[in-house]
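One structure is given below, encoded as structure tokens.
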Amino acid sequence: MSNTKPLQQHLVEQFHHYSTNELVILNNDLVRSNWGKNKTAFRTALLSTLSKRGIDLSAIISTEDGFTQIQRVPVKLSENRLIPE
């Protein structure tokens, strides 16, 4: 039996300590980079942390016909809302 945490859960706990601006910079670095398969878990944890802080993500996340789409775009923070750059 393993006591290790899933990567996403670990990242969410770590991101809790980052400032909102640091999270925005991480997002932008991430979408501009060419990571391997852990990229999705990392970005999901990052966006989850921003959402838990009450940041509005609606400009980059949409749901249609039961499918959620998250845009891979650099963003900026404007009045507690992430908007594409």
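Conditions (1) of a type in the set (Val, Ile, Thr); (2) out of contact with any strand residue (DSSP E or B) (no Cβ under 7 Å at 6 or more places or on another chain); (3) in contact (Cβ under 8 Å) with a residue 24 or more places away in the chain, marked per residue:
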residue	(1), (2), (3)
LEU7	no, yes, yes
TYR18	no, yes, yes
LEU23	no, yes, yes
LEU30	no, yes, no
TRP35	no, yes, no
ALA41	no, yes, yes
GLY54	no, yes, yes
SER58	no, yes, no
THR68	yes, no, no
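One residue stands out among those in region 19-56 that are part of a helix (DSSP H, G or I) and of a type in the set (D, E, K, R): the one that is nearest to LEU77 (Cα to Cα), which is GLU22.
Residues checked against (1) modelled with pLDDT of 85 or more; (2) open to solvent by 90 Å² or more (accessible area, probe 1.4 Å):
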| site | (1), (2) |
| --- | --- |
| MET1 | no, yes |
| PRO6 | no, no |
| ASN34 | no, yes |
| ASN38 | no, yes |
| SER51 | yes, no |
| ASP56 | yes, no |
| ILE61 | yes, no |
| PRO74 | yes, no |
| GLU85 | yes, yes |
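The values are calculated or read from the model by the stated rules, or taken from the named source; none is laboratory data. Given the structure is predicted, the values throughout are model-derived calculations rather than measurements. A quick note on method: Cβ atoms are made from the backbone with ideal geometry, for glycine too, and the neighbour counts reach across all protein chains shown. For accessibility, only protein heavy atoms count, side chains too; no ligands or nucleic acids. Shrake-Rupley method; radii C 1.70, N 1.55, O 1.52, S 1.80 Å.
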